[in-house]
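Notes for the one structure printed next.
Computed from the coordinates by the stated procedures, all read-outs in this text should not be read as laboratory data. Values in this document were obtained by computation on a predicted structure and should not be read as measured data. Cβ sites come from the backbone with ideal geometry, for glycine too, and all protein chains shown count toward neighbours.
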Amino acid sequence: MRNIKISVFAAAAAALLAGCASQNAVYVESGGARSIVSTNKINMADWNAASADLVSELLASGAIDDTKLQQPVKMKVSRIVNRTSSPVDTDLLTRQICITLSKTGKISAVSDDSLTDELARYEAKRQGKTLGLPKLTMTGKIVEDRESNSDLREVTYVFFLEVNYLGKAIWMGQKQITKQQERGGVGW
Amino acid sequence: MRKTLAVLLAACALAGCSTVNTVERASPQSRPQMVNDKRVITNPDLDDYAYVAGVNESVVGGNLLKIQVKIVNSTTAPRSVNYKFSWFDGNGMEIPPGPPWMTLLLEGGQTKYVSSVAPSPKAKDFTLTLLPDVREY
């Protein structure tokens, strides 16, 4: 009887110490301070940081205002070249930038959707107008650089972005994000 | 005195201290527009290595508020801190989506500036939230 009591007590204590841990997932803020970062890919925190820094830099430069174009200025996101070792969806960068720029009232992003474009052209034609072309384009490139030694692996992602008007870059920005991880950690 | 200095240096070496030295103009030409701030400190340790030394503001792009915060690591060890700006309109409503959490790396004794441009001309006020490194892996 005494042994049973001890066993029950030990089991209860073990459960208490383990915090009755379950295998349930928990919510964390997307790209937030508790999200996972690794050296094997561009994490959501990296996309967030790159887009926030680049858009702040673009707005602070006054480059859009300097064009003297009527705002919101139509802007088309053109090619973002991916030179990293893994396929990425560059919308994670450009969409966030377009959303923020649209809210400032300085930019209106031109849709990539063919039906939206077709309807806009039809409506313009019906009203005897021509559909204005985007005045600005956004282009860019994402580059990856890897380095390692016996203890650490390191990856740097460089996000280049430029806004062009009349064939010239009116603003160019870059954001570098470097991450280090001990060898043996998760990643490669 | 020498013994104390030696002990301090040894402790610093063991703790992996790497403090910075800086130089700047003795009489700065810039005249930053400082913001009177209100602080809520729930983590005094964090306030040691991510001390907010000042907040200044300007207007960029014609109508967008820009806030710059001076952060000082007053310890001798390199530290990292997470920060996030939130923006509010004239009615005190938060303007979504706020800028994301960002990570700031500070060497011992280093001063850095973090800034944010308001996401809308409607933005009138801001909050900067600072958080220690909470990643546990």
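Against the longest principal axis of chain A, how steep is helix A:2-17, in degrees 0 to 90 to the nearest 10, with axes from Cα atoms? It works out to around 20 degrees. Cβ-Cβ distance of B:T111 and A:A169, R₀ of 30 Å, FRET efficiency by 1/(1 + (r/R0)^6): the value works out to about 0.40. Ratio of alpha-carbon Rg to the 2.2 N^0.38 Å globular estimate for the protein assembly as shown, to two decimals, please. Here the answer is 1.26, to two decimals. Under 5 Å between amide hydrogens, built in the peptide plane, is the criterion, and for A:S108 it picks out A:V73, A:K74, A:M75 among residues at least 5 positions away or on other chains. Shown for the stretch B:80-119 is the translational diffusion coefficient from the Stokes-Einstein equation, using the Kirkwood radius over Cα pairs, a temperature of 4 °C and a viscosity of 1.567 mPa s: 110 µm²/s. Taking the C-alpha atoms only, the angle from helix B:2-15 to the longest principal axis of chain B is near 60 degrees. What is chain B by shape, rounded, prolate or oblate, if you read a ≥ b ≥ c off the alpha carbon gyration tensor as root eigenvalues and call it rounded for a/c under 1.5, prolate for a/b larger than b/c, and oblate otherwise? Prolate, because a/c is 1.5 or more and a/b exceeds b/c.
Overall, the anisotropy analysis places chain A in the prolate class: the square-rooted eigenvalues a ≥ b ≥ c of its C-alpha gyration tensor yield a/c not less than 1.5, with a/b exceeding b/c. A simple spin-label model places the labels of A:K68 and A:Y27 5.0 nm from each other, with each point 7 Å out along Cα-to-Cβ. Here, the stretch A:96-186 has an Rg and a Dmax of 20.5, 69 Å when only alpha carbons are counted. Other residues within the sphere of radius under 13 Å centred on the Cβ of B:G108, judged by their own Cβ, net out at 0 (K and R +1, D and E -1). Partner shielding of A:51-58 amounts to 4, given as the average count of beta-carbon atoms from other chains within 10 Å of each residue beta-carbon.
Note that the stretch A:75-121, at 10 °C in a medium of 1.306 mPa s, gets a Stokes-Einstein diffusion coefficient of 129 µm²/s from its Kirkwood radius over C-alpha pairs.
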